[in-house]
Amino acid sequence: MQQGRRESVIAAQSFASAPGVAAALQSRDPSAVLQPRAELARKRTGMDFIVVMSTKGIRYTYPYPREIGKKFVGAIAPALKGRTVVEQAGGPPLPAGQGTDVQAVVPVTGSRGKVVGLVSAGITVKNVAGLWLPQLPIILASGAVALALAITGTTPVSRRLRRQTYGLAPVELAQLYEHHDAVLHAVREGVLITGARRTAAVGERRGDAASRTAG
């Protein structure tokens, strides 16, 4: 359904913004100009229909010519206000036959920004599957390559991390940290001894140092 919505919106907006569509809608015979163009665009995009209509919803194009001149089946009020509407509808027969139909309706604006007509593009869900399934091997192959690269990249990092932590598991590292933290906070006063490289440190409790001195 989501793929059908995207395909319908793209097809409708592309045709509505195509050169000459707005001018043809304002001509004496819009169907004569737009019907062959709409059918060519429908076949190229894989849509089940691309309908160009007047602001009153009267069809100027349709895959079956007998449906031209009839009322469009669907919501057009939002498009007349300049918005795009996507819906499920059940209009006249489609070349793809029966199936859940997803259609988008978009406005066609003239040179002054006024809505001079509407374009609707629709496709059945089973037709969307027909367009998408050929791409499935490419999608799966891309996912497999991405997974292989991720595994290849994380393996050296994991090995290096184990070397740096001496093979300790996360739980063991947490316990070691808690032990060292407890020891550090137990030293109230002490002596800090550093070497030339400032790497060695010794801390002693005052009481322990005094007892060793006395002994």
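Coordinate-derived values only; no laboratory data. Fair warning: this is a prediction, and the values are worked out from it, not measured in the lab. Glycine gets a Cβ as well: all are built from the backbone with ideal geometry, and neighbour counts include every protein chain shown.
Given q = 0.24, 0.28, 0.29 Å⁻¹, what are the Debye log10 I(q)/I(0) values for segment 33-83, with equal point scatterers placed on the Cα positions and solvent ignored? Results for segment 33-83 at q = 0.24, 0.28, 0.29 Å⁻¹ read -0.92, -1.07, -1.10.
Modelled spin labels at Ala32 and Ala196, positioned 7 Å past Cα toward Cβ, are 10.1 nm from each other. Over the C-alpha trace of segment 6-94, radius of gyration and Dmax come out as 12.1, 33 angstrom.
For segment 1-87, which trypsin sites (Lys or Arg not before Pro) are both in a DSSP coil and crowded by at most 13 other Cβ atoms within 10 Å? Before the final figure, lay out the partial values.
Values: sites: Arg5, Arg6, Arg28, Arg37, Arg42, Lys43, Arg44, Lys56, Arg59, Arg66, Lys70, Lys71, Lys81, Arg83; in loops: Arg28, Lys56, Lys70, Lys81, Arg83.
Qualifying residues, ordered by number: Arg28, Lys56, Lys81, Arg83.
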